[in-house]
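Values quoted throughout were computed directly from the atomic coordinates according to the rules given, and no laboratory measurement underlies them. Computed from a prediction, not measured in an experiment: that's the story for all the values here. Cβ atoms come from the backbone with ideal geometry, glycine included; neighbour counts cover every protein chain shown.
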Amino acid sequence: MFRKELLERFIRYVKTDTMSNAHVARTKHPSTEGQWDLLRMLEKELRDMGLEDVELDSCGYLLARIPANMPDVPCIGFSAHVDTASDVMGNGVKPRVIESYDGGDIVLKSGLVIKAAENPELAPYKGTTLVVSDGTTLLGSDDKSGVAEIMTAVHRLVENPQIKHGEIEILLSPDEETGFGMDFFDASRLHSTVLYTMDGGTRYEISSECFNAASVEVRFKGVPYHLGDARGRMVNALTMLCHYVSSLPQAESPEATDGRQGYYCAHEAEGNVEKAKLNLLLRDFDYDALKERIRVLEKLASSTEALFRGGKVEFSSEISYLNMGESARSNPKALQAVWDAGRALGQPLEDRVIRGGTDGARIAAARGIACPNIYAGGHNMHSCCEWAALEAMNDAALLLLEIVNQWTK
Ligand SMILES: [Zn+2]
């Protein structure tokens, strides 16, 4: 129903360079100038549709509202991010539209091949429209599919005032891929009782849960000595650090776990004989289990200190984001509306946990509102073999509108 508009928007958005830069995102927001180009384009498009409550703030958060045309319906929101990842080149995207996919391998202009055998998700899209890059860049479906779906749905709502709804909020944000995407956003500005992020992948996949996440820093202080006279005197901070890392349970590492299992990950280290620093990432779906992981590492710090007499170990931890499943449980209607919408449209939705976090998880933690993540239709994201399915994008836009409808009931 929306295919033409979705495709036109998607192509235009992916051609705008918005690759973000994690190295400067802590201080510069948005981290790259290109993101402003797309944000300003979207701001203008929303105003041209006739929306009056549209604000692009100085940190690059575009917040817009469609006023309610029906009383007593809670405000709900939809969100997507405008930046693309930097794992492979994300700028200079030259999208190619494959109008009727033949079901076989897709040879990209660069010579790279998206093999049908390695991408079983391609099969259902035989005979339909796909979009790929030229193979020298990613495509940017993460998350410009989501942006195109939201913009198309907003257009539909504005043009058809007979479609009844409560207040609808739209948040288009920068720098999600850097991990600092929500650092400069004041979540208290939101009116929404639930914020749906349109930032998933495979068609029909919904995620109501993600990890609880913490980061830990351990600082080791050794006792340096002239190496020739070191016996019985020197304490090597690097040896302490290695002891600490090798004491971590390998069976609970990212490379040994999947599904709902949490993990410890030694992530970054630096140092010398005198002092060394280790950063670790902890993840768990259960918040109490995450806190237990922090306690385990703290105990390991004190036992390491006891083992290396004269050495010192300092420990600090910080919660990064929380499982959005907690806030989803406090507002059951948030997910119920999604399941009901899927049923009304005949879409076989599936709930899949995210072994990671989303910007929604940060908002969920800051505001205590539910932020389920909805599929947007891209595959092989963050790679030159990325592809997007127009049928999935169309279904996502339809689902979005049906969720709006479910809230009026
Ligand atoms: Zn994304």
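Structure above, values below:
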quantity	calculated
222 nm mean residue ellipticity, helices alone, for the chain (DSSP H n ≥ 4; -39,500 (n - 2.57); rounded to 500)	-9500 deg cm²/dmol
Alpha-carbon centroids, region 273-300 and region 88-116: separation in whole Å	42 Å
Kyte-Doolittle at least 0.5, axis length at least 18 Å by Cα - qualifying DSSP helices, the chain	390-406
Amide proton proximity set for GLY140, modelled H, under 5 Å, gap of 5+	HIS382
Inter-label distance, nm, simple model (7 Å from Cα along the C-beta direction), VAL107/ASP37	3.1 nm
Gyration tensor (alpha-carbon) shape descriptor, region 312-409, a/c threshold 1.5	oblate
Once the Cα gyration tensor of region 33-149 is diagonalised, semi-axes √(5λ) in Å	34, 19, 12
Tensor-based shape of region 218-321 (alpha-carbon gyration tensor, a/c under 1.5 rounded, otherwise prolate or oblate)	prolate
Lys/Arg +1, Asp/Glu -1 at C-beta; the chain dipole; positive extreme among ALA266, VAL24, ALA334	ALA266
Cut-off under 5 Å, modelled amide H: who pairs with TYR321 long-range	ALA213
Nonlocal amide H pairs with VAL194, under 5 Å, H built at 1.01 Å	GLY77
Cα Rg, Dmax (largest Cα-Cα span) when computed across the chain, Å	23.8, 86
Choice from GLY60, GLY200, GLY104 showing the highest fluctuation, given a GNM over the chain with Cα pairs closer than 10 Å	GLY104
Inter-label distance, nm, simple model (7 Å from Cα along the C-beta direction), MET70/ASP48	3.0 nm
